[in-house]
Every structure is written in structure tokens, then in C-alpha cells.
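Student: If you scroll down you'll find the structure; I have some questions about it.
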Amino acid sequence: MSDTRPNSSIDPTLPLRAKAGDRQAFAQLVDAMYPRSLRFALHMVGNREDAEEAVQDAFVRVYHSLGRFRDDARFEPWLFRILANRCRSLMEKRRRHARIIQYGEVPERGSAPMETSGVDWTVEVHKVLATLPVEQREAFLLRHVEDMAYEDISAVTGVGLSALRMRVKRACDVLRARLTEVMADDR
């Protein structure tokens, strides 16, 4: 069964105009895609500074690679493939760095938590997402946060549809189980 939900709100001519050298079209692409890109990167890497770095680097790479963008391709999967690669690279860099330096407890988010019965669900969801293998986290975020079709996620990740569905299912199972535990503990 094909997932055909529309997930693009950008003018499909923008990438082609940007490819042809129209800087204004590229600026419009960045404006249109920056919030979604930042949200995805934030969930992938876990902190705003790295997320902003990944997004900025991804857009620079997109700009320099526009000549290779196929005229018949969809822009969003192409952008998210580049962004996902940047996020993975930053996470690996952070892992290597963490082996050398130990950090203290520093809060990463200043947003108001969603609280119900004393449980900060935003924190709990972020904790669980952070424990997922990168492949499951990436598939889950692209599907359920970025609302991408499985076919587009496949274009981003290079992974087959059945494997992607399994990654999303496993991520959902872990989230469901952990949040159920938290609810039980809170009683």
C-alpha cells in the first residue's frame, strides 16, 4: 500500500529556479524548509547548537550541490538525506569528543515542559528518543514528526520500505513501553 500523503508546501519550481542560479529562489527554499529541518536536526542530535550547525551545513551543501539535483526529483527527500548525513556526522563527532572530555549536568532545553500528574512528558519522550538506535530514531522522526511518506524516507535513507516500517514500528514499541512504565511509576 502506497503512502501518498502530501508533505510538501514548497513551490516545486523553486528548486529548479535555484538550480538555474536564482538566488532568491534558493533563499525562499531555505525560508520554507528551515523550521522543519531544524526540528528534525534538533530531535536527531539533541541540542540546539549542533542542530543549527547541521542545518546550516546542510543548506550550504545543498547550495553547492544544486547542479546535481535531478529536475524530476522531489526536493524534500534530497534535502533531508543531506541533513540526516550531517546529523549523523555531528553525532559521531560528539561521541568521539565525549570519550575525551566528560561534561557535567547542563540543561539543554529551556522550553516549558508538558506536565501531567507530575510527569514531564516532553523530557520523557526526549529521553526515550535519545536511547533509540540512530536508524530507528531517524525513521521515527521522519515519519511521525516530519510526516514524510515511507517512499520519501526511503529516498532519504536509502533503506527499503519494509525495513523502514520495521524501524518505525520498533521505535514506537519502545516509546510506548517506556511511557507506559513512566505512567505506572507515577501512580
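Student: Any chance you could count how many residues in the range 16-70 are surrounded by fewer than 14 Cβ atoms within 10 Å (Cβ to Cβ), of a type outside the set (Asp, Glu) and free of Cβ contacts under 8 Å to residues at least 12 places away in the same chain?
Tutor: Going through the range 16-70 one residue at a time, the tally reaches 10.
Student: I'd like to verify a number: residues in the range 133-144 that are more than 11 Å from Val168 (Cβ to Cβ) and touching a residue at least 12 places away in the same chain (Cβ under 8 Å), how many?
Tutor: First, pick out the residues of the range 133-144 that are more than 11 Å from Val168 (Cβ to Cβ): 133-134.
Checking which are touching a residue at least 12 places away in the same chain (Cβ under 8 Å) leaves us with 134.
Counting residues in the range 133-144 that are more than 11 Å from Val168 (Cβ to Cβ) and touching a residue at least 12 places away in the same chain (Cβ under 8 Å) gives 1.
Student: Residues that are surrounded by fewer than 16 Cβ atoms within 10 Å (Cβ to Cβ), modelled with pLDDT under 85 and not assigned by TED's automatic domain parsing to the domain that holds Met44: list the helices (runs of 4 or more DSSP H) wholly contained in the range 88-187 that include at least 2 such residues.
Tutor: Values: elements: 121-131, 134-140, 150-157, 161-186.
Fully inside the range 88-187 and qualifying: 121-131, 161-186.
Student: Further question on the same structure: Hey, Asp50 hits all of (1) modelled with pLDDT of 90 or more; (2) acidic (Asp, Glu); (3) assigned by TED's automatic domain parsing to the domain that holds Pro133 but one; which does it fall short on?
Tutor: Just one mismatch for Asp50, condition (3).
Student: Please tell me if Ala41 is under 21 Å from Glu151 (Cα atoms) and modelled with pLDDT of 95 or more. Quick ask: steps written out before the conclusion?
Tutor: Details: under 21 Å from Glu151 (Cα atoms): yes; modelled with pLDDT of 95 or more: yes.
For Ala41, the condition - under 21 Å from Glu151 (Cα atoms) and modelled with pLDDT of 95 or more - is met.
Student: Is it the case, given these coordinates, that Ala73 is in contact with a helix residue (DSSP H, G or I) (Cβ under 9 Å, 6 or more places away or on another chain), of a type in the set (A, V, I, L, M) and loosely packed, with under 15 Cβ neighbours inside 10 Å?
Tutor: On the way: in contact with a helix residue (DSSP H, G or I) (Cβ under 9 Å, 6 or more places away or on another chain): yes; of a type in the set (A, V, I, L, M): yes; loosely packed, with under 15 Cβ neighbours inside 10 Å: yes.
Here the answer is yes, as Ala73 does meet what is asked.
The values are calculated or read from the model by the stated rules, or taken from the named source; none is laboratory data. Keep in mind that what you see is a predicted model, and the values were worked out from it rather than measured. Note: ideal-geometry Cβ built from the backbone for every residue, glycine included; neighbour counts use all protein chains shown.
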